[in-house]
Amino acid sequence: MRFNFIEKKIQVSGEERAYAEKKVGKLDKFFRTESDAGIVFSSERGRTRVEITLNNNGMFYRATDYGTDVYASIDACCAAIERQVRKNKTRLEKRLREGAFEREVKEEYVPSAEDDDSEDEGEFKIVRTKRFSLKPMSAQEAILQMNLLEHEFYAFINVDDDDSFSVVYRRNNGGYGLISAADID
């Protein structure tokens with residue numbers, strides 16, 4: 001497993017990093033291929049925030065915990081990710097297309113121009129641009145991926161709708177919505 005540590009407003013000791021590597025490394029037993037682990041340590045209002053994100057061939061698992069003890073937060077995040085993996089791996093193998101854990105998602109971040117001071121009142125300012133490759137999947141798999149990432153929406157290529165561009169989203173009154181592109185004639 002490859003590790004990427006990020007520290008925001010906090011200094012993490014070597015012991016805490018080693019503990020995080022040991023605990024998160026145990027989650028590698030669930031995957032066939034090598035995974036990437038992003039571990040973010042930050043301090044917010046006197047509490048320590050630990051966020052762990054695992055990427056295994058395009059499937060993302062994320063957990064966050066707040067607390068005063070870094071070790072307890074790492075344990076809580078690892079337990080939450082283990083629950084997610086166990087729950088969703090079974091669902092993916094039974095309901096979704098084969099090879100769902102073997103997809104690759106390549107993300108590319110494009111920094112925006114921060115030094116542009118010529119902003120008119122009628123213009124909208126784009127502060128961040130994110131590009132990623134859309135993978136073919138069903139709406140059920142897209143909802144699962146959206147829930148794992150804890151996002152409000154998820155864009156994908158819908159294999160159930162003739163490979164059209166689609167977006168699933170979480171509705172305010174419960175349930176999910178699906179937006180699909182229509183053919184323009």
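The numbers here are math on the coordinates, done by the rules we state, and not lab data. Since the model is a prediction, treat every value here as computed from it, not as a measurement. Glycine gets a Cβ as well: all are built from the backbone with ideal geometry, and neighbour counts include every protein chain shown.
In a shell of Cβ-Cβ distance under 15 Å around Phe165, excluding Phe165 itself, what net charge do Lys and Arg (+1) and Asp and Glu (-1) give?
Here the count lands on -3.
If you take every DSSP beta bridge whose two residues both sit in the range 1-70, what share of them, in percent to the nearest 5, is antiparallel?
70
What is the distance in Å between the Cα centres of the range 68-90 and the range 141-174?
24
Note down the net charge around Arg2, summing +1 for each Lys or Arg and -1 for each Asp or Glu among other residues with Cβ under 11 Å from its Cβ.
-4
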